[in-house]
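What follows is a single structure, written as structure tokens, with notes after it.
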Amino acid sequence: MDTSRKYPENLGYYSNAAAAAYPDNLAFIDLSGDAPREVRYQELEARLNRFASLVSGLGLKPSDRIAMAVGNRFEFIEIMFGAIRAGVVPVLLNIKLGKDTLAYIVRDAGCKAAVVEPGCNPHVLKVVDEARLPLRIAIEPVPPGWTDYEEALQSAETEFDPPSFPADHLAFLSYTSGSTGRPKGVALTHAGQLWWIRCLQRHWPSSADDRNLVATPLYHKHAMAAAFKPLLHIGGSIVIL
């Protein structure tokens, strides 16, 4: 399989070649709802572009931070990597944290927007409201004053022309757990993450016939490093527990 991508230095397009080669392959089987939700690569590609178009159309620029508080569901991936396509930096919130720690991370990262699944954490809606972020998007149920995620996504364009930025541009921002003090931001670049994907494919190769079960939280590095990045890069599928 040709693993080149349309935008080879942009981490947000790491699944682009797989979508072109295997549009009907299953990317996800999402078990978060009452019934399994199957997402194929052609749908994932369109939704990635839609989210990139959405955040750009709402005024977010490359390097702007967007907080993410989302549980184990396929939307996590399209939000994260759709934002990355646009150069917007997702801040992956640990949804097990308490109110004060979440509020500290949102402030410390300088977030200008948030995408929240309200049921994933009892404090996160209040944290975002109190931070007075100008752009607040919620996956159902949608609180008053928030933008409906799916409704906004479906109104966005399926074509997206990403901005240019260097390979060492910040791709996403994770935070340590804060077990020895306040959480610390871990800056991860497009170039560094793409290097990791290439290393995995070279030394621990995956194929389009592979399937992986993910039971760990999606904001945790092991879910990303061991499942999503290697499999979605090559056309495999992931079961989200």
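The values are calculated or read from the model by the stated rules, or taken from the named source; none is laboratory data. No experiment lies behind these values; they were computed from the predicted model shown. Neighbour counts run over all protein chains shown; Cβ positions are idealised from the backbone, glycine included. Remember, those area values only see protein heavy atoms, side chains included, never the ligands or the DNA or RNA. Shrake-Rupley method; radii C 1.70, N 1.55, O 1.52, S 1.80 Å.
Among (1) 195; (2) 149; (3) 119, which is the computed volume of the Cα convex hull per residue in Å³? Label (3) holds the value from this structure. Accessible surface computed residue by residue for the chain, with neighbouring protein chains in place and a 1.4 Å probe, gives 45 Å² per residue. If you take the square roots of the eigenvalues of the alpha-carbon gyration tensor of segment 54-111 and sort them as a ≥ b ≥ c, do you get rounded (a/c under 1.5), prolate (a/b over b/c) or oblate? It is oblate, given that a/c is not under 1.5 and a/b is not larger than b/c. Looking at the chain alone, DSSP beta bridges between its own residues are antiparallel in about 25 percent of cases. Using just its DSSP H runs of length 4 or more, each adding -39500 (n - 2.57), the chain gives a mean residue ellipticity at 222 nm of -9500 deg cm²/dmol after division by all residues. In the chain, Cα pairs under 8 Å separated by at least six residues give a relative contact order of 25 percent. Local charge for Glu140 was computed over the other residues whose Cβ lies under 10 Å away, with Lys and Arg +1 and Asp and Glu -1, and equals -4.
Proximity of backbone amide H atoms, modeled 1.01 Å from N, is registered between His169 and His190, Ala191 at under 5 Å, excluding neighbours fewer than 5 places apart on the same chain.
Summing +1 for each Lys or Arg and -1 for each Asp or Glu, what net charge is found among the other residues whose Cβ lies under 12 Å from the Cβ of Arg65?
+1
Given Lys61/Lys184; Lys6/Lys184; Lys126/Lys221; Lys6/Lys99, which pairs have Cα atoms separated by over 31 Å? Those over the limit are Lys6/Lys184; Lys6/Lys99. With loop membership from DSSP and a limit of 15 other Cβ atoms within 10 Å, the longest segment of the chain without trypsin sites (Lys or Arg not before Pro) is 7-95.
Count Lys and Arg as plus one, Asp and Glu as minus one, and take only other residues whose Cβ is under 15 Å from that of Ser237; the net charge is then -3. For the pair Ser177 and Glu159, the difference between a 0.36 nm per residue extended length and the Cα-Cα distance amounts to 2.8 nm. For GluC sites (Glu not before Pro), the sites in segment 1-61 that DSSP calls loop and that have at most 16 other Cβ atoms within 10 Å are Glu9. A simple rule links phi to the HN-Hα coupling: the Karplus curve 6.51 cos²θ - 1.76 cosθ + 1.60 with θ = phi - 60°, which for segment 118-131 gives x, x, 7, 7, x, 10, 5, 4, 5, 4, 5, 4, 5, 6 Hz, with x for Gly and Pro. Here the chain has 51 percent of its accessible surface on carbon and sulfur atoms, given a 1.4 Å probe and all protein chains in place.
Compute the helix-to-body angle for 99-109: its Cα long axis versus the longest principal axis of the chain, expressed 0 to 90° and rounded to tens. Once rounded, the angle reads 70 degrees. Could you check what % of the DSSP bridge pairs in segment 136-238 are antiparallel, to the nearest 5? The antiparallel fraction comes to roughly 55 percent.
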